[in-house]
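Here the structure comes first, spelled out in structure tokens, and everything after it is commentary.
The values are calculated or read from the model by the stated rules, or taken from the named source; none is laboratory data. What you see is a predicted model; the values in this text were computed from it and never measured. Heads up, the Cβs are rebuilt from the backbone with ideal geometry, glycines too, and the neighbour counts pull from every protein chain shown. For accessibility, only protein heavy atoms count, side chains too; no ligands or nucleic acids. Shrake-Rupley method; radii C 1.70, N 1.55, O 1.52, S 1.80 Å.
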Amino acid sequence: MAVSGTISDGNDPVRKAEGWTLLGHIIARRSTPPRHLTAPGPTDDEIQLLVRAASRAPDHQRLRPFRFLVINADERETLADVFEAAERELDPSIGGERLERAREKAHHAPVLLAVISRLQESDEVPEIEQRASAGAALGYVVLAADLLGYGAMAVSGRKVATAAMRHAFRLANNEELLCFVGLGTPRKVKGAPPEPAPELLQIWHPDAEPPI
Ligand SMILES: Cc1cc2nc3c(=O)[nH]c(=O)nc-3n(C[C@H](O)[C@H](O)[C@H](O)COP(=O)(O)O)c2cc1C
């Protein structure tokens, strides 16, 4: 799927109209829980596009402190085993319905991506910036999916930090499993998102107290 670049020109009315439309989509975006996502999900070409969008996330010195893994349909049962092992690690007494629910999550959403944060050695770019970059990349994937007409949601849970998950995803010492992103077609359309809190944007003043 070819996507051409465009030269930014703030005075170009066509570009501006397109921008308003896209911004409208971004502002109205809602997450859809993976259990409410059904087929079709993004195609392989579309997944490439989502990751291409992620690659445009702000990234100081272009360290690329993140990567993505696609979990194919034929690996979902193996993923369910990993989820089970992770839950057992967190609570050795777990069983019954809770375990079944944990396993089921591996089968939700037609397309599932794992988002991995990878901190790079750098004297100039601290960890917080690299983690922010991985978060931005995740945001771009979710937004890009929405723009292609799909539902998406980042999900994690305590299990992502378990040894079972680290082993299953062969994470290196500098890596963490940030979350999964479920992608697909929402079963139902959600309403408008809430308005942002007023303290989200304030004018800086040296004597101002932080918002409560
Ligand atoms: C890294 C990350 C992990 C998340 N994990 C979960 C999760 O496990 N469960 C959950 O309900 N929401 C989780 N969220 C939040 C949802 O993805 C979503 O942003 C939230 O439900 C708000 O919904 P909205 O996008 O419709 O406003 C996570 C968000 C991020 C950025």
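Quick one: in region 139-168, of everything that is in a helix (DSSP H, G or I) and open to solvent by 50 Å² or more (accessible area, probe 1.4 Å), which residue is nearest to the ligand (Cβ to nearest atom)?
Filtering region 139-168 for residues that are in a helix (DSSP H, G or I) and open to solvent by 50 Å² or more (accessible area, probe 1.4 Å), the one nearest to the ligand (Cβ to nearest atom) comes out as R158.
Considered as a group, the residues in region 178-212 that are assigned to a strand (DSSP E or B) and not β-branched (V, I, T) include one that is farthest from the ligand (Cβ to nearest atom), and that residue is G184. Give region 29-81 a look and list any residue that's part of a loop (DSSP other than H, G, I, E, B) and touching a Lys or Arg at 6+ places or on another chain (Cβ under 6 Å), or say none. Those that are part of a loop (DSSP other than H, G, I, E, B) and touching a Lys or Arg at 6+ places or on another chain (Cβ under 6 Å): R30, P65. Evaluate region 84-102: report whether one residue or more is acidic (D, E), closer than 30 Å to A163 by Cβ, assigned to a helix (DSSP H, G or I) and open to solvent by less than 80 Å² (accessible area, probe 1.4 Å). Within region 84-102, one or more residues are acidic (D, E), closer than 30 Å to A163 by Cβ, assigned to a helix (DSSP H, G or I) and open to solvent by less than 80 Å² (accessible area, probe 1.4 Å).
Considering every residue within region 121-134, establish whether at least one is touching a Phe, Trp or Tyr at 6+ places or on another chain (Cβ under 6 Å), modelled with pLDDT of 95 or more and assigned to a helix (DSSP H, G or I). Scanning region 121-134, I find at least one residue that is touching a Phe, Trp or Tyr at 6+ places or on another chain (Cβ under 6 Å), modelled with pLDDT of 95 or more and assigned to a helix (DSSP H, G or I), so the answer is yes.
Here's the yes/no breakdown for (1) surrounded by 11 or more Cβ atoms within 10 Å (Cβ to Cβ); (2) within 20 Å of the chain's Cα centre (by Cα); (3) within 16 Å of the ligand (Cβ to nearest atom):
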residue: D9; (1), (2), (3): no, no, no
residue: I26; (1), (2), (3): yes, yes, yes
residue: A39; (1), (2), (3): no, yes, no
residue: L50; (1), (2), (3): yes, yes, yes
residue: A54; (1), (2), (3): yes, yes, yes
residue: P65; (1), (2), (3): yes, yes, yes
residue: V70; (1), (2), (3): yes, yes, no
residue: A73; (1), (2), (3): yes, yes, no
residue: D81; (1), (2), (3): yes, no, no
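When A154, A145 are checked against the criterion of being in contact (Cβ under 8 Å) with a residue 40 or more places away in the chain and in contact with a Cys (Cβ under 6 Å, 6 or more places away or on another chain), a single residue qualifies: A154.
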